[in-house]
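Remarks on the structure that follows.
The values are calculated or read from the model by the stated rules, or taken from the named source; none is laboratory data. These numbers come from a predicted model, not from an experiment. All Cβ positions, glycine included, derive from the backbone under ideal geometry; neighbour counts span all protein chains shown.
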Amino acid sequence: MKGMAVKHSNLIAVILTLIIIVQTSCSPALQQINSEPVTAILGAFEQEIILLEDDLTETQDQIIEGIRFVSGTLNGKRVVIVWTGIGKVNAAMTTTLLIEHFKPNEIIFTGIAGAVNQQLQPGDIVIAEKTAHHDMGTIWPEGLFHKGVKNRLDGWENPVFFETDERLLRLAERAAKQVELGQIHAITGERTPKVVKGVVVTGDTFIASAEKCIELREKLKADAVEMEGAAVAQLCYQRQIGYLVIRSISDKADEGAVLDKQTFYIMAAKNSSSLVAEIVGLLGAEISIEKSGED
């Protein structure tokens with residue numbers, strides 16, 4: 001009986017091996033696609049992600065720890081897209097799962113933000129040159145002193161500002177000159193949104209205070225404020241993964257922020273996702289050039 005059980009077990013193992021071999025041999029295209037470098041795209045709001053998912057081809061869904069990750073091809077580039085949810089903890093949790101399971105070459109975070117720089121209007125886009133936590137540090141009687149925490153991986157103190165990957169920043173600047181953004185319909189009439197480089201700051205609070213904007217501008221030279229970017233930037237910095245944060249302005253982060261966000265959110269999300277898609281296309285073109293050089 002014991003010998004029969006062993007033979008039965010061996011037979012099952014052989015059958016499973018044959019199934020794997022057959023599946024692999026029948027899916028060479030899928031293997032080739034999955035071997036390509038992956039670009040990860042994250043967004044805090046579901047609507048921001050849906051806009052990009054709609055343009056995907058060869059899509060595959062995967063649920064990991066209750067989070068839905070969608071893989072596919074966008075503008076000729078293999079990507080994985082995920083909705084993080086709002087806030088730094090949600091963003092950090094989702095980014096960690098993403099890094100561990102998909103090993104992305106670079107991570108792009110897209111979404112909306114409030115304008116701290118009052119020269120910016122709803123629909124304008126800020127490409128982050130650097131990102132910082134605006135609520136991290138020590139509070140003294142004089143106020144908050146910004147300071148990075150220790151990197152858990154190497155014991156060194158993180159910087160206050162996380163610098164954006166230079167290659168991705170250059171590609172974003174190129175994409176900004178090429179992309180066609182939606183016109184902004186305001187009380188004063190239509191206008192073309194502008195794309196600028198700047199400082200994006202992050203905190204676990206929705207800012208609707210002109211006074212707070214002044215503080216963020218004075219202390220951190222902030223251009224835009226949101227609730228996830230620096231958490232993603234910190235993880236990428238600690239794991240040595242290139243990252244880029246792109247934020248489309250939905251409001252002025254003042255007392256009218258909630259109403260403005262409701263008014264301009266869809267338009268801002270569309271412009272942000274359009275720029276991201278253009279950047280992904282440039283990344284795909286880079287890979288094509290590299291492949292042709294190897295051939």
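Annotation note: Cβ proximity below 8 Å between a residue of segment 69-83 that is farther than 12 Å from Leu282 by Cα and a residue that is among the small types (Gly, Ala, Ser) and not in a strand (DSSP E or B) (sequence gap 6+ or interchain) occurs for Trp83/Ala44. Every test in (1) closer than 19 Å to Gly203 by Cβ; (2) assigned to a loop (DSSP other than H, G, I, E, B); (3) at pLDDT below 95; (4) of a type outside the set (Ser, Thr, Tyr) is passed by Gly114 save one, and that test is (2). In the set Glu65, Glu106, Glu48, Glu58, which member is charged (D, E, K, R), within 24 Å of Gln234 (Cβ to Cβ) and surrounded by fewer than 14 Cβ atoms within 10 Å (Cβ to Cβ)? Of the residues listed, the single one that is charged (D, E, K, R), within 24 Å of Gln234 (Cβ to Cβ) and surrounded by fewer than 14 Cβ atoms within 10 Å (Cβ to Cβ) is Glu65.
Could you tell me whether Gly43 is touching a residue at least 40 places away in the same chain (Cβ under 8 Å) and under 23 Å from Lys197 (Cβ atoms)? So Gly43 fits the description; yes.
In segment 229-241 there is no residue matching the filter, namely being closer than 26 Å to Ile184 by Cα and not in a helix (DSSP H, G or I).
Of a type outside the set (A, V, I, L, M, F, W, C), assigned to a loop (DSSP other than H, G, I, E, B) and surrounded by 17 or more Cβ atoms within 10 Å (Cβ to Cβ) - does that describe any residue in segment 90-103? Within segment 90-103 (the criterion being of a type outside the set (A, V, I, L, M, F, W, C), assigned to a loop (DSSP other than H, G, I, E, B) and surrounded by 17 or more Cβ atoms within 10 Å (Cβ to Cβ)), the answer is no, since none of the residues qualifies. The set of residues from segment 242-281 being farther than 17 Å from Phe109 by Cβ, out of contact with any strand residue (DSSP E or B) (no Cβ under 6 Å at 6 or more places or on another chain) and assigned to a helix (DSSP H, G or I) comprises Val258, Leu259, Gln262, Thr263, Ile266, Met267, Gly281. Checking each residue in segment 175-195 for being closer than 29 Å to Glu106 by Cβ, surrounded by fewer than 20 Cβ atoms within 10 Å (Cβ to Cβ) and over 18 Å from the mean Cα position of the chain (by Cα) picks out Lys177, Gln178, Val179, Glu180, Gly182, Thr192, Lys194. With respect to the conditions (1) at pLDDT 95 or above; (2) in contact with a helix residue (DSSP H, G or I) (Cβ under 7 Å, 6 or more places away or on another chain); (3) surrounded by fewer than 16 Cβ atoms within 10 Å (Cβ to Cβ), Lys221 falls short on a single one, namely (2).
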